Amino acid sequence: MNIPEGRYQNLTHFTRKCETCGKVMKHVGPTRRFCADCTRKRNRVQQGEYRARKAAMAVDKGDEIVEIPKPRPHPNKPAQDNSLGAVCARAIAAGRTYGQQVEFERRQKELKDRGEI
């Protein structure tokens, strides 16, 4: 019996039963749940389900079928005037550092939200 040396030596000493068919699998890893045949069958079933879901999402537009992409949330992009370069330019024009400018603009926004400006 060939047992690998080193830190993986004890990982193949397990004997497991396949959860689907009950076949005994010797010298397998600790997380093996299904034999090779059952794994192939499960993969085929899962691929069929996946393809069916994708086909259900497709829309028929005349001669061509267009897939409807699943909407994904996108992070909000910073406004152009709040980019790093724009803030630095405003800070230099006002004679402030970047940190002072950011604090100044935050305070101005706070006062405007409260209606004091």
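The values are calculated or read from the model by the stated rules, or taken from the named source; none is laboratory data. In this text, all values refer to a predicted model and were calculated from it rather than measured experimentally. Please note: Cβ atoms are built from the backbone with ideal geometry, for glycine as well, and neighbour counts cover all protein chains shown.
Worth a mention:
- Of the helices (runs of 4 or more DSSP H) lying entirely inside segment 24-117, the ones with 2 or more residues being closer than 30 Å to His13 by Cβ and at pLDDT 85 or above are found at 36-57.
- Contacts under 8 angstrom Cβ, first residue in segment 26-51 being loosely packed, with under 12 Cβ neighbours inside 10 Å, partner in a loop (DSSP other than H, G, I, E, B) and of a type in the set (Lys, Arg), 6 or more apart: none
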